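Encoded as structure tokens, the structure appears first; notes follow it.
The values are calculated or read from the model by the stated rules, or taken from the named source; none is laboratory data. All of these numbers come straight from a predicted model, not from anything done at the bench. Cβ placement follows ideal geometry from the backbone for every residue including glycine, while neighbour counts extend to all protein chains displayed. Side chains included, ligands, DNA and RNA excluded: accessible areas come from the protein's heavy atoms. Shrake-Rupley method; radii C 1.70, N 1.55, O 1.52, S 1.80 Å.
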Amino acid sequence: MLKSNLFPKIILGIGLCFLYLPILIIIFYSFNAANFTSIWGGFSTRWYYELFQDTYLWQAAWTSLKIAFTSATLATFLGTLASLALTRFSPFKGQRLFSSLTIAPLVMPEIIIGLSLLLLFVSLNICIGWPSKRGFWTICIGHTTLSMAYVVAIVRVRLSHFDKTIEEAALDLGAKPLRVLTFITLPIISPALFAGWLLAFMLSFDDVVISSFTSGAGSTTLPMVIFSRIRTGISPEINAFATLFIATITLIILLLAWVKLRKQPV
Amino acid sequence: MDRQKKPTKPKRPKITLEPWQNSKIEPYIVLKNLSKNYDGVPAVQDCTLDIYEGEFYSLLGASGCGKSTLLRLLAGFEKPSSGKLFIGGQDMTHVPSYNRPVNMMFQSYALFPHMSVEQNIAFGLKQEGLPREEIKNRVYEVLDLVQMSRFSKRHPNRLSGGQQQRVALARSLVKRPKLILLDEPMAALDQKLREETQFELVNIQEKVGITFIMVTHDQEEAMTMSSRLAIMEEGWIQQIGTPHEIYEFPNSAYVADFIGSINLFEGVITGVTKEMVNIKCPMLSHTLSVPTNTTVPIGGSVTVAVRPEKLEIGIDKPTYKHNWEEGIIEDIGYYGDMSIYHVKLPSGQTVMASLLNLDRISIQQLTWNQSVYVSWQPENSIILTT
Amino acid sequence: MTFIKKKLLSFFSPILSVRSWVIATPYVWLGLFFVVPFFVVLRVSLSEEVLGIPPYTDMFLWVDTYVAKIIFTFESYTYLIEDDLYLSSYLTSLKFALITTIVALLLGFPMAIGISNLNKKWQIIMLLLIMLPFWTSFLIRIYAWLNLLTPYGLINSFLIYIGVITEPLRLLFNNFSVTIGMVYCYLPFMILPIYVTLEKMDPSLQEAASDLGAKPFTVFKSIILPLSFPGLLTGSLLVFIPCVGEFVIPEILGGSDNILIGRLVWNEFFLNHSWPTAAALSIALLVILFIPIYGLQKLQKIFAERLES
């Protein structure tokens, strides 16, 4: 009786339209021949052609991929260590502070993270001469600090829901703690680790604020390029890029969902 | 549990029967004044136990009595607050769980979900660094023992509860430990499967000859499977003994009431002879006569306990002086194999008497609101002082 | 000798143990790149603005080799109070965050209920659909609204086509477009926590209520609403907080009069090169953010306790 109540379903439909309409419009206009995106000038793949000529954009994309890969891996490593410390260790000095520190970047405005890191790098440069040049590594540090909090949020929940008797069983069968971690705990929580890594990767690949603060000359990331272009208005080339981007992400997500659904015994 | 089953004791041909009676045999597992507190709250208090090689020992108690904590202390998952633990003569108090010759079968089975049955069982052997060939032989040896060889490639989540339990047992057996700990091994099984598994587990234990310590809250399970059992309450061990000793000679009202059902009569000792003690109970019209097993003097207050199946119930007035009462049948519980009669005495106290339904056809002579006599032989009652 | 050896060992054992490394590595990282920077910001906010690299004064004035005078000034903070541009932009930011949260709540709550009413398979599909835009680029999602809201964009063209209006509406670079962009970007953060609490709810509670004669709206008011409160709070927090400090959305979709605090920090830093002012603005933003975070967390705790008891 309650399940058949139509009102929430109608709102759900409207909400989904709200979420997808702009994306569909982008895809539609990316095939527009006209210079002005809002006027339909016939079907064309012109903007895709121009997009592929745009070496500056692809170079930035390559930089972003490298940064995203590095920072996601670092964030997953650090976030997993922090989650282990919070869920598997007996209470230690400063645990409460540690616990709130690990999630604090989640509620910290990106603009403050970016500004504070830049000020830190500048001061460090004055004091110890490092980093003399901002670029790849300073951006990586910024992204890692932010996305590590997201990794902790995912991995910590998984670890605290983890059936501890499984680890005890391994200890009981003669495995030392480090072996239990590598052969039992990490393999079982690997989906959560992967989800955390993927989220960290996307956060880094998508970030414009922290990157803008922590980057230096010659280390422009993809979102920085896109940001500077769309700030001045609509750019048909970005439509084409967005379409490719959305298509890639959709494919990856669908693939992951398919693998997950197939694995589940129905 | 209202029904009583005659406790059956498993036969164990390989080892000395009742090693605890033989002072020449050294106990294999020794707990000396073992205690465990959680933030000052005691979970296990001053436990002293001797367990002999080849025993099937049960720790029995209501939930929260400390039996699981005691098991975890034995496994090495918890560190004792005080006291010592010896296994095979060696001090194991501070040895971590991965270095103890002890394996545990978990209540949840704790099978590794990302490994097949075979990999699960091989895990413990791999930690010892045994050659691959030997690992395989030993894995299939225990799989044969628990009749699970044909499922060796399956993952645990594709097995039924009973099958998972066998794998968990095999995994704890494969390292040939000196001691196996079982944490509520039957809790996840349904009633029918549970009864079958009880006997099978005892058979396997006899075959491998390893000492088993089982934690359970199911008294019937503990009675049928164990060589000896320890009853625990609020962290203390209340009584240790064979199932027969625990049932027939409980040392406290708690134990008597926990194992099976019992009628308790409070009274005062009025006379002591060489063999018998006479007791006057305010709730009973006749005096009680119980064999002497107490040092309580005349005038001391005691509790007399009689099991329902030891009570005789009938319509003829007993001819003797002690140990009988007249009453009215208030309620009848029919259990198929037997019936339990609740008889209300003139004083208001209700006593329970059970009677086997030996005859299939005849309708019971006794019925509701009938006036009956309950009586018992003096040697079938026992004096409890606590 | 052995005593010294033991002392040394007990001193070094925490350094050598795996446990302390596991704790120390992320701890040191966060300390160095999250806590220390905050103090650097504090220090810069107390320094004086100068021309040069870096554009602020040193905190210590070295009188002698070993004696230093600590110099600090509250100039940047008094500047924030004197110029009402700053105060009004804080208020604007809070206003936008509040409106966005309310709109997202009104839209997200029924959506979450709608999802939880579906069968299991459709729930997974719907959640995927809600999450999918989130995984695509944030910038692209904001950019998508540029396409839609332009004077000759789809919405205006459609409205002119059906004859509601004759002249295109000004939809872009104003409060409307900023709010819509924020709701669009943060809606999934509202839906997911609410969905999680709804999912945990025992469905027989609703059935029991309607069995006892409650009409659908009464069931919603007396069962669903109170029990999903923790989710509503979490969702609101997850939308409200990032909205207060948001920079990209007002920058792209907002006009010159939609000065939110994030934009102001950016402009002070990159355009005016006034590092102390930007730092002081950030500190003030943190102080302002702390109040709603703290309050909502307290509320959440109270509700969690009440639900447990």
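Structural remarks
- Unique residue being farther than 18 Å from A:Gly218 by Cα, more than 9 Å from chain C (Cβ to nearest Cβ) and either touching a Cys at 6+ places or on another chain (Cβ under 8 Å) or in a helix (DSSP H, G or I) (or both) when the list is A:Cys127, A:Cys140: A:Cys127
- Selection status of C:Val183, on the phi < 0 side of the Ramachandran plot and surrounded by fewer than 20 Cβ atoms within 10 Å (Cβ to Cβ): no
- Restricting segment C:130-141 to residues that are over 20 Å from A:Met224 (Cβ atoms) and among the aliphatic types (A, V, I, L, M), the residue that is most open to solvent (accessible area, probe 1.4 Å) is C:Met131.
- Some residue of segment C:221-244 being over 27 Å from C:Ala304 (Cβ atoms), part of a helix (DSSP H, G or I) and at the interface with chain A (Cβ under 10 Å from one of its Cβ atoms): no
- Candidate set: segment C:256-301, residues that are of a type in the set (D, E, K, R) and over 19 Å from the mean Cα position of the chain (by Cα); chosen: the one modelled with the lowest pLDDT: C:Lys301
- Residue among A:Tyr49, A:Tyr29 that alone is of a type in the set (Ser, Thr, Tyr) and open to solvent by 60 Å² or more (accessible area, probe 1.4 Å): A:Tyr49
- Residue within segment C:245-259 that is part of a helix (DSSP H, G or I), open to solvent by 20 Å² or more (accessible area, probe 1.4 Å), within 12 Å of another protein chain (Cβ to nearest Cβ) and of a type in the set (A, V, I, L, M) present: no
- From A:Val225, A:Val259, residue being at pLDDT 90 or above and either surrounded by 17 or more Cβ atoms within 10 Å (Cβ to Cβ) or within 26 Å of C:Gln123 (Cβ to Cβ) (or both): A:Val225
- Unique residue being in contact with a His (Cβ under 6 Å, 6 or more places away or on another chain) and of a type outside the set (S, T, N, Q) when the list is A:Ile188, A:Ile252: A:Ile188
- Flag for B:Asn263 being in contact with a Pro (Cβ under 9 Å, 6 or more places away or on another chain) and within 20 Å of B:Ser347 (Cβ to Cβ): yes
- Checking A:Met108 against (1) touching a Lys or Arg at 6+ places or on another chain (Cβ under 7 Å); (2) buried (at least 19 other Cβ atoms within 10 Å of the Cβ); (3) not β-branched (Val, Ile, Thr), the condition it does not meet: (1)
- Test: residue in segment A:10-33 that is in contact (Cβ under 8 Å) with a residue 12 or more places away in the chain and aromatic (Phe, Trp, Tyr): yes
- Segments classed as helices (runs of 4 or more DSSP H), wholly inside segment C:136-212, with at least 3 members that are touching a residue at least 40 places away in the same chain (Cβ under 8 Å) and in contact with a Pro (Cβ under 8 Å, 6 or more places away or on another chain): C:138-149, C:175-200
- Single residue of B:Asp46, B:Asp39 found to be over 17 Å from B:Gln239 (Cβ atoms) and surrounded by fewer than 21 Cβ atoms within 10 Å (Cβ to Cβ): B:Asp39
- Strands (runs of 3 or more DSSP E) lying entirely in segment B:233-331 (those with 2 or more residues that are open to solvent by 30 Å² or more (accessible area, probe 1.4 Å)): B:236-241, B:263-272, B:276-280
- Residue match in segment A:189-202 (condition: more than 13 Å from chain B (Cβ to nearest Cβ), assigned to a loop (DSSP other than H, G, I, E, B) and either open to solvent by 20 Å² or more (accessible area, probe 1.4 Å) or not aliphatic (A, V, I, L, M) (or both)): no
- For segment A:111-124, a residue qualifies if it is small (Gly, Ala, Ser), within 20 Å of A:Ala75 (Cα to Cα) and facing chain C (nearest Cβ under 7 Å), and exactly one does: A:Ser116.
- Here the condition is being farther than 22 Å from A:Leu173 by Cβ and either surrounded by fewer than 20 Cβ atoms within 10 Å (Cβ to Cβ) or aliphatic (A, V, I, L, M) (or both); of B:Gly83, B:Gly61, it holds for B:Gly83 alone.
- Scan of segment B:88-137 for residues that are in a strand (DSSP E or B) and open to solvent by 20 Å² or more (accessible area, probe 1.4 Å), ordered by number: B:Gln90, B:Asp91
- Checking segment A:72-80 against the condition returns a match, with at least one residue being in contact (Cβ under 8 Å) with a residue 40 or more places away in the chain and surrounded by fewer than 19 Cβ atoms within 10 Å (Cβ to Cβ).
- The set of residues from segment C:142-158 being more than 7 Å from chain A (Cβ to nearest Cβ) and open to solvent by less than 40 Å² (accessible area, probe 1.4 Å) comprises C:Ile142, C:Leu149, C:Asn156.
- Residues of segment A:228-256 that are open to solvent by less than 90 Å² (accessible area, probe 1.4 Å), out of contact with any Phe, Trp or Tyr (no Cβ under 7 Å at 6 or more places or on another chain) and within 23 Å of A:Thr45 (Cα to Cα): A:Arg229, A:Gly233, A:Ile234, A:Ser235, A:Phe241, A:Thr243, A:Leu244, A:Phe245, A:Ile246, A:Ala247, A:Thr248, A:Thr250.
- Residue under evaluation C:Ala209, criteria (1) away from chain A (no Cβ under 11 Å); (2) in contact with a helix residue (DSSP H, G or I) (Cβ under 6 Å, 6 or more places away or on another chain); (3) more than 30 Å from A:Ala240 (Cβ to Cβ), criterion not met: (1)
- Remark: pairs (first residue in segment B:367-386, within 21 Å of B:His342 (Cβ to Cβ); second residue part of a helix (DSSP H, G or I) and at pLDDT 90 or above; Cβ separation under 7 Å; 6+ apart in sequence or on different chains) = B:Trp376/B:Lys310; B:Asn380/B:Lys310.
- Taking the numbered list (1) part of a loop (DSSP other than H, G, I, E, B); (2) in contact (Cβ under 8 Å) with a residue 40 or more places away in the chain; (3) farther than 30 Å from A:Thr250 by Cβ in turn, C:Tyr86 passes all entries but (1).
- Per-region count, segment A:143-154, residues at the interface with chain C (Cβ under 8 Å from one of its Cβ atoms) and open to solvent by 20 Å² or more (accessible area, probe 1.4 Å): 0
- Here A:Phe98 meets each of (1) crowded, with 21+ Cβ neighbours inside 10 Å; (2) among the hydrophobic types (A, V, I, L, M, F, W, C); (3) modelled with pLDDT under 95 with one exception, condition (1).
- Members of segment C:265-309 that are among the aliphatic types (A, V, I, L, M) and open to solvent by less than 10 Å² (accessible area, probe 1.4 Å): C:Val265, C:Ala278, C:Ala279, C:Ala280, C:Leu281, C:Leu285, C:Leu289
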